[in-house]
Amino acid sequence: MGERIGVFGGTFDPIHHGHLIAAAELRHALRVDRVLFVPASRPPHKQSAVQASDQDRLAMLRLAIARDEGFQMSMIEYERAGLSYTVDTLAALRDEYPGALLFLFLGEDALRDLPTWHRPEGILSLARLGIATRPRSHLDLDVLYRALPGTRGRIELVPTPSIGISATDLRARVADGRPIRYQTPDAVIDYIRQHGIYRR
Ligand code: ATP
């Protein structure tokens with residue numbers, strides 16, 4: 001049987017325990033052999049919100065996953081010039097890992113937006129979806145099935161306890177001098193401090 005690979009894309013500005021806990025839960029629940037964290041080089045919908053440099057976002061991601069053998073970073077969206085759509089990233093990963101079963105890991109919020117993404121049916125033909133949900137989620141799958149019929153039978157929902165943490169909130173906390181301790185690994189916090197990232 002082919003390898004099972006989880007693909008977890010994001011801006012990771014910065015990576016935090018919400019991402020890491022979700023990735024760990026999804027990996028376990030879906031029996032995934034490894035998780036590839038795929039930092040976005042120029043996310044089409046988020047360009048202005050990115051506040052740390054590419055170099056800093058990558059360094060923080062590297063620090064955060066360094067101690068987990070099952071977590072790896074893929075530079076695939078940096079190796080291609082121009083915008084990276086998820087469908088293209090998955091096609092490239094399918095070529096890089098022939099025979100592997102790909103799971104696209106998404107948070108519940110991202111799943112709701114999926115019908116508006118570039119070529120969502122193409123995404124579903126390349127990967128199954130592993131969705132981190134809130135423990136008492138009110139996700140309405142019928143709405144999604146109507147908007148995007150290809151999702152039927154291709155989604156695994158995995159309750160994840162840490163969903164309140166967000167990168168937007170962490171950036172605001174640093175800017176305001178409020179604590180971020182315990183919301184992201186200490187190595188990331190040290191890096192943010194040492195490099196003066198997200199300060200006003
Ligand atoms: P921002 O607050 O800037 O939007 P973010 O914290 O949502 O950032 P992203 O890098 O945009 O982080 O998210 C990447 C992926 O991680 C998305 O699929 C998103 O749904 C998921 N995600 C983000 N935060 C959490 C969390 N706390 N728990 C589970 N999944 C999360």
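Given the options THR151, THR116, THR160, state which has the largest fluctuation in a GNM of the chain using a 10 Å cut-off (strictly under) for Cα springs.
THR116
For the range 54-72 and the range 146-200, what is the centre-to-centre distance using only Cα atoms, to the nearest Å?
Going from one Cα centre to the other spans 14 Å.
Using only the Cα atoms of the chain, what semi-axes does the equivalent ellipsoid have when each is the square root of 5 times a gyration tensor eigenvalue? Give whole Å, largest first. Intermediate results must be reported in sequence, preceding the final value.
Details: eigenvalues 145, 70, 57 Å².
The equivalent ellipsoid of the chain has semi-axes of 27, 19, 17 Å.
Put MET73, MET1 in order of accessible area, largest first, 1.4 Å probe: what do you get?
On the way: MET73 50, MET1 215 Å².
Largest accessible area first, the residues go MET1, MET73.
Using +1 at the C-beta of Lys and Arg and -1 at the C-beta of Asp and Glu, which of SER137, ALA40, HIS118 has the Cα lying farthest in the positive direction of the dipole of the range 13-149?
Farthest towards the positive end: SER137.
Charges at C-beta only: +1 for Lys and Arg, -1 for Asp and Glu. How large is the resulting dipole of the range 48-88 about its Cα centre, in Debye rounded to 20?
Working: 4 positive and 7 negative charges, 20 e Å.
Rounded to the nearest 20 debye, it is 100 debye.
How far apart, in nm, are the 7 Å Cα→Cβ label points at GLN194 and ASP68?
For the pair GLN194/ASP68, the computed spacing is 2.2 nm.
Measure off, as a whole percent, the carbon and sulfur share of the 1.4 Å-probe accessible area of the chain, all protein chains present. Provide the component values of the computation, followed by the final result.
Details: 5070 of 10470 Å².
Carbon and sulfur atoms account for 48 percent of the accessible area of the chain.
Highest GNM mean-square fluctuation, the chain, Cα pairs closer than 10 Å: which of ARG34, ARG128, ARG119?
Evaluated over the chain, the most mobile residue of the options is ARG119.
If amide H atoms are built 1.01 Å from N in the plane of the peptide, which residues on other chains or at least 5 residues away come under 5 Å of the amide H of THR133?
It is VAL158, THR160, by chain and number.
Please state the charge dipole magnitude for the chain, taken about the Cα centre, from unit charges on C-beta atoms (+1 on K and R, -1 on D and E), reported in debye and rounded to the nearest 20.
Working: 26 positive and 24 negative charges, 80 e Å.
With only Lys, Arg, Asp and Glu charged at Cβ, the dipole is about 380 debye.
ILE165 accessible area, nearest 10 Å², 1.4 Å probe?
Accessible area, nearest 10 Å²: 40 Å².
May I ask you to compute the full-extension gain from HIS138 to ILE21, defined as 0.36 nm times their residue separation minus their alpha-carbon distance, rounded to one decimal in nm?
40.1 nm
Could you compute the net charge surrounding ALA22? Neighbours are other residues with a C-beta less than 15 Å from the C-beta of ALA22; K and R count +1, D and E count -1. Mind showing how you got there, number by number?
Working: positive: ARG27, ARG134; negative: GLU25, ASP68, GLU108, ASP109, GLU156.
Around ALA22, the charge tally is -3.
The values are calculated or read from the model by the stated rules, or taken from the named source; none is laboratory data. In this text, all values refer to a predicted model and were calculated from it rather than measured experimentally. Note: ideal-geometry Cβ built from the backbone for every residue, glycine included; neighbour counts use all protein chains shown. Each accessible area value is taken on the protein alone, full model and side chains, heavy atoms only, with ligands, DNA and RNA left out. Shrake-Rupley method; radii C 1.70, N 1.55, O 1.52, S 1.80 Å.
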